[in-house]
1. Go through (1) more than 16 Å from the ligand (Cβ to nearest atom); (2) in contact with a Leu (Cβ under 9 Å, 6 or more places away or on another chain) and name the single condition Lys23 misses.
2. Scan the range 57-97 for residues that are within 12 Å of the ligand (Cβ to nearest atom), over 17 Å from Met108 (Cβ atoms) and among the polar types (S, T, N, Q) and report the count.
3. When the residues of the range 17-38 are filtered to those that are assigned to a loop (DSSP other than H, G, I, E, B) and open to solvent by 40 Å² or more (accessible area, probe 1.4 Å), which remaining residue is farthest from Phe78 (Cα to Cα)?
4. Take Ala76 and tell me if it is surrounded by 13 or more Cβ atoms within 10 Å (Cβ to Cβ), in contact with a Lys or Arg (Cβ under 9 Å, 6 or more places away or on another chain) and part of a helix (DSSP H, G or I).
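The values are calculated or read from the model by the stated rules, or taken from the named source; none is laboratory data. Keep in mind that this is a model prediction, so the values were computed, not measured. Don't worry about glycine lacking a Cβ; one is built from the backbone with ideal geometry, like all the others, and counts go over all protein chains shown. Heavy atoms of the whole protein, side chains included, go into the accessibility calculation; ligands, DNA and RNA do not. Shrake-Rupley method; radii C 1.70, N 1.55, O 1.52, S 1.80 Å.
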Amino acid sequence: MATEAALHYTAAEFVPIKIEGLKEGDTKYWCRCGLSKTQPWCDGSHKGTGIAPMPWKVEKTQEAYYLCACKQTKNAPFCDGSHVKAKEEIGERAVKCKNKYNHKDCKMCTGCGWNPKLQF
Ligand code: FES
């Protein structure tokens, strides 16, 4: 089985999510897989994917945080602008994915980041 570092995450959206009201010291569980219906937070949808949510302790109280929803950021849980190319990159991986013929039977493909809601 692949380690989580070798897995690809799928995108929930291709724009960051603005979150207000977080307080210093709050602990949140940021959805890592991209399947949660309560973005950007984990709702347990990752079960069976081999991917776990990322615990995040809020460093400071501030008006708003812009958290990544494309799940391709290199600075989780924050948006780093990776969403600009995320759809294209997932699409390119999906075309080359060795599991592409099994995509219709899965909720997401950790080999490329494809999920049934993404249209290319
Ligand atoms: S939403 Fe993922 S990097 Fe911006």
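1. (2)
2. 3
3. It comes out as Lys37.
4. Considered against the rule, which asks whether it is surrounded by 13 or more Cβ atoms within 10 Å (Cβ to Cβ), in contact with a Lys or Arg (Cβ under 9 Å, 6 or more places away or on another chain) and part of a helix (DSSP H, G or I), Ala76 comes out as no.
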